[in-house]
Amino acid sequence: MSARTTELPTGSFGRRFVAYLVDAVLCALVAGLFTYPDPPGGWSTPVFLVAYTGFVGLFGESPGLRLLGLRVEGVADGRPIGLGRALLRTLLIIIVIPVLVPSGDGRRYHDKVVGSIVTRRR
């Protein structure tokens, strides 16, 4: 566990979950624009993949994370994690299981794999 991960205020599971729900609903609405009048069905997932990867990779926060006062940053430098690591992190979120597995330092497995941490915005 790095010193940086112990000194940062991490986002609680509840806040992170609500942020995810906000992002999922927004992505479903966007996907619905393309499938109207039919429901978006499975189109919400690729929209989520692209949007969440882009927002988190480039800016360190998605609309849901921003609304809940959270930020995804690299453990080593505190900067946005970039598109490659954000893509892997998003894919792990989509398969759900890593999101539910905590590590010893308060991060979830998908954050540990890509070297990121979800912090409360300062």
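See the values below:
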read-out	value
Some residue of the range 41-56 being surrounded by 16 or more Cβ atoms within 10 Å (Cβ to Cβ), of a type in the set (Phe, Trp, Tyr), over 14 Å from the mean Cα position of the chain (by Cα) and farther than 19 Å from residue 14 by Cβ	yes
Given (1) over 18 Å from residue 117 (Cβ atoms); (2) touching a strand residue (DSSP E or B) at 6+ places or on another chain (Cβ under 7 Å); (3) among the charged types (D, E, K, R), number of the condition residue 15 does not satisfy	(1)
Given (1) free of Cβ contacts under 8 Å to residues at least 24 places away in the same chain; (2) buried (at least 16 other Cβ atoms within 10 Å of the Cβ); (3) out of contact with any Leu (no Cβ under 9 Å at 6 or more places or on another chain); (4) not hydroxyl-bearing (Ser, Thr, Tyr), index of the condition residue 110 fails	(3)
Pairs where the first residue, in the range 49-63, is of a type in the set (A, V, I, L, M, F, W, C) and the second is assigned to a helix (DSSP H, G or I), C-beta under 6 Å, 6+ apart	49/90; 51/27; 56/86
Residues that are of a type in the set (Asp, Glu) and loosely packed, with under 14 Cβ neighbours inside 10 Å, drawn from the range 11-40	38
Residue among 96, 75 that alone is more than 17 Å from residue 24 (Cα to Cα) and of a type in the set (A, V, I, L, M)	75
Pick from the range 79-106, criterion of a type in the set (Gly, Ala, Ser) and closer than 18 Å to residue 12 by Cα, ranking: surrounded by the fewest Cβ atoms within 10 Å (Cβ to Cβ)	104
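This table checks each residue for (1) assigned to a helix (DSSP H, G or I); (2) under 18 Å from residue 23 (Cα atoms); (3) among the charged types (D, E, K, R); (4) more than 12 Å from the chain's Cα centre (by Cα).
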{"residue": "65", "(1), (2), (3), (4)": "yes, yes, no, no"}
{"residue": "77", "(1), (2), (3), (4)": "no, no, yes, yes"}
{"residue": "84", "(1), (2), (3), (4)": "yes, no, no, yes"}
{"residue": "88", "(1), (2), (3), (4)": "yes, yes, no, no"}
{"residue": "92", "(1), (2), (3), (4)": "yes, yes, no, no"}
{"residue": "105", "(1), (2), (3), (4)": "no, no, yes, yes"}
{"residue": "112", "(1), (2), (3), (4)": "yes, no, yes, yes"}
{"residue": "119", "(1), (2), (3), (4)": "no, yes, no, no"}
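FYI, it's all coordinate maths here, none of it is from the lab. All values derive from a computational prediction rather than experimental measurement. So basically every Cβ, Gly included, is an ideal-geometry build from the backbone, and we count neighbours across all protein chains shown.
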